[in-house]
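Engineer: Would you mind keeping the following structure in view while I ask a few things?
The values are calculated or read from the model by the stated rules, or taken from the named source; none is laboratory data. These figures come from a predicted structure and were not determined experimentally. Neighbour counts are summed over all protein chains in view; Cβ atoms, including those assigned to glycine, are modelled from backbone coordinates with ideal geometry. Remember, those area values only see protein heavy atoms, side chains included, never the ligands or the DNA or RNA. Shrake-Rupley method; radii C 1.70, N 1.55, O 1.52, S 1.80 Å.
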Amino acid sequence: MNNNFSSYRIDIQYKARERRILNAVLAVITAVFTLIYPGFLYLIAGGYLMALGLLLIYFRLPAIIPAIPLVAGILIFIFPDLIPYTFAGFLGFFGVILLLAFQFAIIGFLTLIIAVLILMNPESVAYLIAVFLLLYGVSNLIRHFRESGR
């Protein structure tokens, strides 16, 4: 009897970590541009949503997940006046996903609150979007570095 034992380890979290860090960096960069150039919000927000959708396609998530930011980005490019409602709808969907699927409750609640604030104050949409992107990006970066330190 041969007692050779082979051990294999497959790291399935690698893509999730890579996706998280890319999402976080994209969110922080977009937030900075939004704060610096709020007059170009439709280009920045639409571009962010399109880039996020393409990033999610690259990481082969189920088709419905990247479709939401892609459709929202296209709507923002076509109808720039609908930015508050389109982005609030995206944030509402994203907040529910964070609450249910990823169990990231604090950011999920904050995302839903920011979506409601955008609907209540559409004139301050650029700053609320920047706040959301900074919260989301920085919290993901912190979570990434905490996990990589283990």
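Engineer: Just to be sure I understand the filter: pairs with C-beta atoms under 6 Å, separated by 6 or more residues or on different chains, first member in the stretch 48-60 and among the aromatic types (F, W, Y), second member open to solvent by less than 20 Å² (accessible area, probe 1.4 Å). Which pairs pass?
Structural biologist: Note: pairs meeting the criteria are Y48/T30.
Engineer: Moving on to the next point. Just to be sure, is F90 of a type in the set (F, W, Y) and surrounded by fewer than 16 Cβ atoms within 10 Å (Cβ to Cβ)?
Structural biologist: Numbers: of a type in the set (F, W, Y): yes; surrounded by fewer than 16 Cβ atoms within 10 Å (Cβ to Cβ): no.
Answer is no for this residue.
Rundown of residues vs (1) more than 11 Å from the chain's Cα centre (by Cα); (2) of a type in the set (D, E); (3) under 14 Å from T30 (Cβ atoms), yes/no style:
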site: G46; (1), (2), (3): yes, no, yes
site: L75; (1), (2), (3): yes, no, no
site: Y85; (1), (2), (3): yes, no, no
site: L99; (1), (2), (3): yes, no, no
site: I118; (1), (2), (3): yes, no, no
site: S124; (1), (2), (3): yes, no, no
site: L134; (1), (2), (3): no, no, yes
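Engineer: With the requirement that a residue be more than 18 Å from F93 (Cβ to Cβ) and touching a residue at least 60 places away in the same chain (Cβ under 8 Å), what does the stretch 114-130 give you?
Structural biologist: Result: A126, Y127, A130.
Engineer: Out of the residues in the stretch 38-85 that are of a type in the set (A, V, I, L, M, F, W, C) and not in a helix (DSSP H, G or I), which is surrounded by the fewest Cβ atoms within 10 Å (Cβ to Cβ)?
Structural biologist: A63
Engineer: Among the residues of the stretch 120-135, what is the count of those that are crowded, with 17+ Cβ neighbours inside 10 Å and farther than 20 Å from F40 by Cβ?
Structural biologist: Residues that pass the stated criteria total 1.
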